[in-house]
Amino acid sequence: MPPGAMSGPPGWFLKVVRDQRVAFLIVGGVNTAVGFVCFAGFLVLLGQKLYLVALVCAYIVATLIAFVLYRFVVFRVRGHVLADLWRFVTVYISALAVNFALLFVMVDIVHMRPVLLAQAVITLVTALISWRGHKNFSFRRTGSPEDLHR
């Protein structure tokens, strides 16, 4: 294993929760709420017609917050910050692409209103994409003892 690629010891949150999946869901719930509030805020600032621009802006803010939370609270990895950030952003870009397409279809083709309701429905799909991507790609450390608990 390359230097700096080892997982860190479990932090206080994982000591309390004890299950990485539950920790992911809790942190993900917090981050989803933050992202949803950001989306709503950008909708207010930019207007309903620019809902896809609001989505991209909210994703940028939520992605940076999520990276810090997942890296230090859920997956507890050390080293390779920029490589981890790149992989993390790659997962979020994939989720954003799915979110973008589904939101367009639901709002402009199906005419689902309000836009926030359509976004709430899509959140379940993007949460599953995020879990798989972050667990198996963003913060993966091959050969580490943490791999046994994943």
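Scanning the stretch 73-96 for residues that are out of contact with any Gly (no Cβ under 7 Å at 6 or more places or on another chain) and open to solvent by 30 Å² or more (accessible area, probe 1.4 Å) yields Val81, Leu82, Ala83, Leu85, Trp86, Arg87, Val89, Thr90, Ile93, Leu96.
In summary, Phe137 fulfils each of the numbered conditions (1) in a helix (DSSP H, G or I); (2) open to solvent by 60 Å² or more (accessible area, probe 1.4 Å); (3) closer than 19 Å to Ala58 by Cβ with the single exception of condition (3). Of the residues making up the stretch 17-47, those that are modelled with pLDDT under 90 and open to solvent by 70 Å² or more (accessible area, probe 1.4 Å) are Arg18, Arg21, Leu25. Of the numbered criteria (1) without any contact (Cβ under 8 Å) to a residue 40 or more places away in the chain; (2) more than 16 Å from Gly29 (Cα to Cα); (3) part of a helix (DSSP H, G or I), the one Ile129 fails is (2). A single member of Val30, Val77 is in contact with a strand residue (DSSP E or B) (Cβ under 7 Å, 6 or more places away or on another chain) and among the hydrophobic types (A, V, I, L, M, F, W, C), and it is Val77.
The values are calculated or read from the model by the stated rules, or taken from the named source; none is laboratory data. Small disclaimer: the values here were computed from a predicted structure and weren't measured. Please note: Cβ atoms are built from the backbone with ideal geometry, for glycine as well, and neighbour counts cover all protein chains shown. Side chains included, ligands, DNA and RNA excluded: accessible areas come from the protein's heavy atoms. Shrake-Rupley method; radii C 1.70, N 1.55, O 1.52, S 1.80 Å.
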